[in-house]
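The values are calculated or read from the model by the stated rules, or taken from the named source; none is laboratory data. Computed from a prediction, not measured in an experiment: that's the story for all the values here. Using ideal geometry, Cβ is built from the backbone for each residue, glycine included, and neighbour counts are taken over all protein chains shown. In case anyone asks, the SASA skips ligands and DNA or RNA and just uses the protein heavy atoms, side chains included. Shrake-Rupley method; radii C 1.70, N 1.55, O 1.52, S 1.80 Å.
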Amino acid sequence: AAIIEIEHLVKSYVIGDNVVHALNDVSLSVSEREFVAIVGPSGSGKSTLMNIIGCLDIATSGSYKLRGQEISLYTEDELSEFRNRMIGFIFQRFNLLNKLNAVENVELPLVYQGISSKERRERAVAALEKVRLANRMLHTPMELSGGQQQRVAIARALITDPPVILADEPTGNLDSTTGKEVMQILQGLGSAGHTIVLITHDMNIAKQARRIVRISDGRLVSDEEVSRS
Ligand code: ADP
Ligand code: ADP
């Protein structure tokens, strides 16, 4: 079944007398547990699409349904509640808090949900085990390598068990070997029941997904399964 259903999506920005169509008639359907990469050059509309898929922004026109819910009908409050439940974010710059250690960073999304400190710790340790980093849980971000920091960020994204993981250039700050390790972890999340949407400008990274959707000038220009030999 499709978890993400986008139909004839348009996102326009008005700048003075000009209208920029950051997304222009985009239609895309992603099934549960799929691992799809959205690839395109700078300025092609990737961030705009990611912000809409991630319920951070709403389209100008067209339809976006996430688990059957039409997002454009939501109020701001409903949207942020739905986002927290449905989406785990992974960013290029990790976005960890430097004053907190790894396990405290991973626990953070649960603090806002009012979950007890005992349960928070148990779930955070389990999430760190999934990214093979439980042995570093008391280290702060500055005491970890870039790849380890990104694994902490992945554990933080997983802690609420969101159906969709949205990864925006997750390997952009990593060398290629470390980037491959992070991609292997993302590949494993598909088997664990998450739907992964990866945004990247790097075709070599995109090839490690199962499906590649290319975007150019705000339009989808191709949509292909990745063949594995
Ligand atoms: P990418 O992430 O692929 O670099 P973006 O989604 O950031 O692409 O941008 C797509 C197009 O929309 C670009 O032409 C960009 O200048 C324009 N754009 C993006 N955000 C805004 C905004 N907030 N206001 C005006 N134009 C924007
Ligand atoms: P950039 O594309 O400049 O590298 P990021 O990848 O950090 O920026 O962020 C991409 C988008 O996600 C931006 O629109 C930003 O506002 C939003 N964003 C960044 N950090 C968070 C966060 N912690 N929670 C929710 N949204 C975020």
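What number of residues in the stretch 39-55 are within 13 Å of ligand 2 (Cβ to nearest atom) and not in a loop (DSSP other than H, G, I, E, B)?
8
With respect to Thr195, determine if the residue is closer than 24 Å to Ala2 by Cβ, under 17 Å from the mean Cα position of the chain (by Cα) and open to solvent by less than 20 Å² (accessible area, probe 1.4 Å).
yes
Residue by residue through the stretch 190-216, note down the ones that are within 16 Å of ligand 1 (Cβ to nearest atom) and touching an Asp or Glu at 6+ places or on another chain (Cβ under 9 Å).
Within the stretch 190-216, Val197, Leu198, Ile199, Thr200, His201, Asp202, Ile205, Ile212, Val213, Arg214 meet the criteria.
What do you reckon, is Gly45 under 16 Å from the mean Cα position of the chain (by Cα), crowded, with 16+ Cβ neighbours inside 10 Å and either on the phi > 0 side of the Ramachandran plot or β-branched (Val, Ile, Thr) (or both)?
So Gly45 passes the test.
Can you spot a residue in the stretch 177-194 that is under 30 Å from Ser12 (Cβ atoms), free of Cβ contacts under 8 Å to residues at least 40 places away in the same chain and out of contact with any helix residue (DSSP H, G or I) (no Cβ under 8 Å at 6 or more places or on another chain)?
no
Could you check the stretch 81-126 and list, in sequence order, the residues that are open to solvent by 30 Å² or more (accessible area, probe 1.4 Å) and within 16 Å of ligand 1 (Cβ to nearest atom)?
If the condition is that a residue be open to solvent by 30 Å² or more (accessible area, probe 1.4 Å) and within 16 Å of ligand 1 (Cβ to nearest atom), then Phe89, Phe91, Gln92, Arg93 are the ones that fit.
One line per residue, one yes/no per condition, for (1) part of a strand (DSSP E or B); (2) at pLDDT 95 or above; (3) of a type outside the set (Ser, Thr, Tyr); (4) open to solvent by 30 Å² or more (accessible area, probe 1.4 Å):
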| site | (1), (2), (3), (4) |
| --- | --- |
| Ile6 | yes, yes, yes, no |
| Lys11 | yes, yes, yes, no |
| Asn24 | yes, yes, yes, yes |
| Ser27 | yes, yes, no, yes |
| Val36 | yes, yes, yes, no |
| Asp57 | no, no, yes, yes |
| Asp77 | no, no, yes, yes |
